[in-house]
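**Student:** Starting off with a structure, shown below.
The values are calculated or read from the model by the stated rules, or taken from the named source; none is laboratory data. Small disclaimer: the values here were computed from a predicted structure and weren't measured. Cβ sites come from the backbone with ideal geometry, for glycine too, and all protein chains shown count toward neighbours. Please note that ligands, DNA and RNA were not included when accessible areas were found on the heavy atoms of the full protein model with its side chains. Shrake-Rupley method; radii C 1.70, N 1.55, O 1.52, S 1.80 Å.
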Amino acid sequence: MSEAILVLNAGSSSLKFAVYGGASGALVPVLRGKVAGIGTAAVFSARDGVGAAVPEADLLQIAPEIGHDALIPLLLAWIAGNGVRITSAGHRVVHGGRAHAGPAKVSADLLEELEALVPLAPLHQPHNLDAIRSVAAFAPELPQVACFDTSFHRTQDRLAQLFALPREMSEAGILRYGFHGLSYDYIAGRLPEALGARAEGRVIVAHLGNGASMCAMRGRQSVATSMGFTALDGLMMGQRCGALDPGVVLYLMQQKGMSAEAVGHVLYEKSGLAGVSGMTNDMTVLQASDSAEAREAIALFCYRAAGELAQLVAAIDGLDAIVFTAGIGENSAEVRAMICDRLGWLGVTLDMQANAANATRISAAGSAVAVLVIPTDEEAVIAAATHRLGTDLG
Ligand code: AMP
């Protein structure tokens, strides 16, 4: 039986997993998969180490209405049935608060500390912590590691983390924490091979997926980011509104009589690409549509992204490179072109052929700013951190 690290990314209705083996010293994925539709119509899919789909007959058989608690023991047993012995588990945990500038080994004290952060990330943190508890209930001796989406941003100066709110509120923890840190950590690790010495310069990474944010880096460390206290701030996203005049929230509650819960539902679930298009949060569907609303949603997404990027340039005193990543950033030549089209004044020029081909370097030869496409891999960051914090791989 080979030994491996399990990586879990638990969301409200999905559980993504990856299994990393290390027979040759370097960590490599041997299995990756996902259960989508948890709680309603769960569907399991998995791929092996070379990316081939695991045949239907060999997949984990689960009831469509299975919940998270029942799923994790089944998944662990299924992995063992595939000849893999899990020696430790690493988890994506959205919020690590102010204290955690890196991953942390799970203990009862840590869980209590992370539980206290649930109000700061109510949509994600409870599921992340439940997954840790489910694994612990099934395998109490298994070492577990929490890897935080906020950690990467703890290098930021105080000014980048402050809201212009009364001091006592900032002191009570109402700060700009930033998210998508595991993705930024991965990209920061790829920069030297992609950019050479320029990797240490002024780089803005645009993580454009269903959730979207940007991070301005210097010396491959976070200097500023577009997401703030919650994962609602900054860019327009799939279903989230991004930065919004807080007066709109007051208006909806005070003048329109909406409850906090109803406003939250609009801002987190009904806005962004889905809200503006009135159709869907799926960029591929919007791109294939010629409706005026779909075109407007894409145009607003790009307008807002270019504006946010320009604002971040001021935090790092200029710009050497832009990196596009995540579902939209990695795959949508149209979105990249529409964003970069607004950034010509910064010295950004695309090579349209390279852009259409999703090449690694998509800037034109004479472009003052290098523009890259680098696929992100948050699971690899979690696997490496879990390995570092004390796993022996056989
Ligand atoms: P993520 O959250 O990183 O999985 O990204 C999801 C988003 O990426 C969705 O809006 C998808 O529609 C979008 N996406 C995935 N593939 C493509 C593609 N080929 N072209 C445009 N958008 C894509």
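**Student:** Please list, by residue number, every one of the GluC sites (Glu not before Pro) in region 90-183 that is coil in DSSP and has at most 13 other beta-carbon atoms within 10 Å.
**Tutor:** For GluC sites (Glu not before Pro) across region 90-183 that sit outside H, G, I, E and B with at most 13 neighbouring Cβ atoms in 10 Å, the list reads Glu141.
**Student:** Mind giving me the nanometre distance, one decimal, between the label points for Leu165 and Asp290, set 7 Å out from Cα along Cα→Cβ?
**Tutor:** So the two model labels end up 4.8 nm from each other.
**Student:** Got a sec? Charge dipole of the chain, +1 on Cβ for Lys and Arg, -1 for Asp and Glu; which of Val93, His124, Ser222 is way out at the positive end?
**Tutor:** My answer, from the dipole projection, is Ser222.
**Student:** Taking the chain as the reference, fit the longest principal axis to its C-alpha atoms, fit the long axis of helix 125-138 to the helix C-alpha atoms, and give the angle between the two in degrees, 0 to 90, nearest 10.
**Tutor:** Taking Cα atoms only, the helix is inclined about 10 degrees.
**Student:** If you don't mind, another one. P(r) for region 240-332: what percent of alpha-carbon pairs falls in each 10 Å bin, starting at zero?
**Tutor:** Spelled out bin by bin, region 240-332 gives 14, 36, 32, 17, 1 percent.
**Student:** For every helix of n ≥ 4 consecutive DSSP H residues, a contribution of -39,500 (n - 2.57) applies; sum these over the chain, divide by its total residues, and give [θ] at 222 nm rounded to the nearest 500 deg cm²/dmol.
**Tutor:** Calculated at 222 nm, the ellipticity per residue is -11000 deg cm²/dmol.
**Student:** Evaluate the relative contact order of the chain (contact order divided by residue number), counting alpha-carbon pairs under 8 angstrom at least 6 apart; express in whole percent.
**Tutor:** 15 percent
**Student:** May I pose another question? Any chance you could check the Cα centroid distance between region 33-61 and region 257-288 for me, in angstrom?
**Tutor:** 28 Å
**Student:** Related question: Taking amide H positions as placed 1.01 Å from N in the peptide plane, with prolines and chain starts having none, which residues 5 or more places from Ala224, or on another chain, fall under 5 Å of its amide H?
**Tutor:** The list, which skips near neighbours in sequence, is Ala216.
**Student:** So how tilted is helix 260-269 from the main axis of the chain? Cα-based, degrees 0 to 90, rounded to 10.
**Tutor:** 90 degrees
**Student:** Please list, by residue number, every one of the chymotrypsin sites (Phe, Trp or Tyr not before Pro) in region 125-166 that is coil in DSSP and has at most 14 other beta-carbon atoms within 10 Å.
**Tutor:** Of the chymotrypsin sites (Phe, Trp or Tyr not before Pro), the ones in loops of region 125-166 whose Cβ has at most 14 other Cβ atoms within 10 Å are Phe163.
**Student:** Set the Förster radius R0 to 56 Å, insert the Cβ-Cβ distance between Ala63 and Ala356 as r into 1/(1 + (r/R0)^6), and round the FRET efficiency to 0.05.
**Tutor:** Rounded to the nearest 0.05, the efficiency is 0.80.
**Student:** If you don't mind, there's one more thing I want to ask. Once the convex hull of the C-alpha atoms of the chain is built, how many Å³ does it hold per residue, rounded to a whole number?
**Tutor:** Output value, Cα hull per residue: 157 Å³.
**Student:** How far, in degrees from 0 to 90, does helix 68-81 lean away from the longest principal axis of the Cα atoms of the chain, to the nearest 10?
**Tutor:** Helix 68-81 and the main axis of the chain meet at about 60 degrees.
**Student:** Expressed as a whole percentage, what fraction of the accessible surface of the chain belongs to carbon and sulfur atoms when a 1.4 Å probe is rolled over the protein heavy atoms?
**Tutor:** That fraction is 55 percent.
**Student:** What nm value, rounded to one decimal, do you get for the distance between Leu244 and Asp282 when each label is placed 7 Å out toward the C-beta?
**Tutor:** Distance between label points: 2.5 nm.
**Student:** Ok, one more. Considering only the other residues whose Cβ falls under 11 Å of the Cβ of Ala199, what net charge follows from Lys and Arg at +1 and Asp and Glu at -1?
**Tutor:** Taking every other residue near Ala199 into account, the sum is +2.
**Student:** Over region 286-369, calculate the relative contact order: mean separation of alpha carbon pairs under 8 Å at least 6 apart, over the residue count, as a percent.
**Tutor:** Once divided by the residue count of region 286-369, the mean separation gives 24 percent.
**Student:** Got a sec to turn the phi values of region 179-188 into Karplus ³J(HN,Hα) couplings, 6.51 cos²θ - 1.76 cosθ + 1.60 with θ = phi - 60°, whole Hz, x for Gly and Pro?
**Tutor:** Values per residue, Gly and Pro as x: 9, 6, x, 5, 5, 5, 4, 4, 5, 4 Hz.
**Student:** So if we plug the beta-carbon distance of Leu123 and Ser259 into 1/(1 + (r/R0)^6) with R0 = 22 Å, what FRET efficiency do we get, rounded to 0.05?
**Tutor:** 0.85
**Student:** Keeping all protein chains in the complex and leaving out DNA, RNA and ligands, what accessible area do you get for Thr376 with a 1.4 Å probe, in Å² to the nearest 10?
**Tutor:** So the heavy atoms of Thr376 present about 40 Å² to solvent.
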